[in-house]
1. Return the residues of region 229-266 that are touching a residue at least 60 places away in the same chain (Cβ under 8 Å), buried (at least 23 other Cβ atoms within 10 Å of the Cβ) and part of a helix (DSSP H, G or I); say none if nothing qualifies.
2. Looking at region 154-173, I want the residues that are at positive phi and have a partner that is more than 16 Å from the ligand (Cβ to nearest atom) and modelled with pLDDT under 95 with Cβ atoms under 6 Å, at least 6 apart or on another chain. Which pairs are those?
3. Take the residues in region 150-167 that are under 14 Å from residue 83 (Cβ atoms) and part of a strand (DSSP E or B); name whichever of them is nearest to the chain's Cα centre (by Cα).
4. For region 135-153, how many residues are touching a residue at least 12 places away in the same chain (Cβ under 8 Å) and farther than 21 Å from residue 205 by Cα?
5. Could you check, for region 217-226, whether at least one of its residues is within 16 Å of the ligand (Cβ to nearest atom), under 15 Å from the mean Cα position of the chain (by Cα) and in contact (Cβ under 8 Å) with a residue 12 or more places away in the chain?
6. From the list 79, 63, 22, exactly one residue is within 16 Å of the ligand (Cβ to nearest atom) and surrounded by fewer than 16 Cβ atoms within 10 Å (Cβ to Cβ). Which is it?
7. Given region 1-118, what helices (runs of 4 or more DSSP H) lie entirely inside it while holding 1 or more residues that are at positive phi, at pLDDT 95 or above and more than 18 Å from the chain's Cα centre (by Cα)?
8. Can you find a residue in region 199-216 that is more than 16 Å from the ligand (Cβ to nearest atom), more than 19 Å from the chain's Cα centre (by Cα), closer than 24 Å to residue 79 by Cα and modelled with pLDDT of 95 or more?
Ligand code: G3I
């Protein structure tokens, strides 16, 4: 193929981008988005603070807009994220215990029900594991409602939208390390007890090097019987950027259960990483060397 979306589709995969829905009225942005990508995820608009700004009052304007754009342009949608300790609405930040527990399960149920049938995969829980060597859970008000909050969220999401793949999503999991192993053990436990989980997202916000066991790490999760996806890829600029982009793409192509790659924005200037120039297109929408490496890796795979 000659575009990311065509080349990925030829290999039975998707190639996606995070979208800020405000940019859907910028034609230079939309031109690149529609030409190159066949999957989208909302950069912010489907998060808890955006979708339930007041308890029990749901707002789906941004998410609905993204879904209609996707449907009109042959794109699938990743849902991000039902539960995350960041970007909680203020009212939830000040809650705890059983009140928070029912509020968060209600949030999962309401949002997954609203988008039922329209989401390819949901990040049901985002970033719940701690950084560093513990391999354990991150402390948060969500975690303090009980260690079983993650499985409760997955069960609620399955009940609300049985057709969506349900993912756990995290960062700094780009090789075999204490954090990724903690997640691996949770997924293995969920599979053995029948807790509904279908996929694991590897955000892959990368610096100037790539873990040598990046592909092996994806494979060990796939071997547990879940799909794996690269969900928020961006790479610090520098001599290795194009090389790393190519290597990540090859790793996904080499793992049969790696179903797709999402980059966290379209053009460098759309990126949360600012001067890192971490994406595949420059600020004018021109293809970078990293783009060429990704396209070649998709076509070779
Ligand atoms: O919407 C408000 C706006 O009203 C206000 O005037 C402005 C002033 O700061 O802030 C706007 O909100 C910002 C929001 O993005 C929308 O632009 C927040 O401040 C800002 O913190 C928020 O940043 C997002 C960040 O998540 C929040 O944690 C980034 O855009 C988004 O790219 C980033 O994405 C996360 C993933 O969800 C999870 N993994 C890591 C990734 C990168 O941090």
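1. Matches in region 229-266: 252 only.
2. Final answer for the pair search is none.
3. My answer is 167.
4. Residues flagged as touching a residue at least 12 places away in the same chain (Cβ under 8 Å) and farther than 21 Å from residue 205 by Cα within region 135-153 amount to 12.
5. Here is the first cut: in region 217-226, the residues within 16 Å of the ligand (Cβ to nearest atom) are none.
Checked region 217-226: no residue is within 16 Å of the ligand (Cβ to nearest atom), under 15 Å from the mean Cα position of the chain (by Cα) and in contact (Cβ under 8 Å) with a residue 12 or more places away in the chain.
6. Values: 79 fails: surrounded by fewer than 16 Cβ atoms within 10 Å (Cβ to Cβ); 63 fails: surrounded by fewer than 16 Cβ atoms within 10 Å (Cβ to Cβ).
Result: 22 is the single residue among 79, 63, 22 that is within 16 Å of the ligand (Cβ to nearest atom) and surrounded by fewer than 16 Cβ atoms within 10 Å (Cβ to Cβ).
7. Values: elements: 4-10, 27-36, 48-51, 61-72, 90-93, 97-114.
Output list reads 97-114.
8. no
The values are calculated or read from the model by the stated rules, or taken from the named source; none is laboratory data. Keep in mind it's a predicted model, so treat the numbers as computed, not measured. Ideal geometry is used to build each Cβ from the backbone, glycine not excepted, and the neighbour counts take in all protein chains shown.
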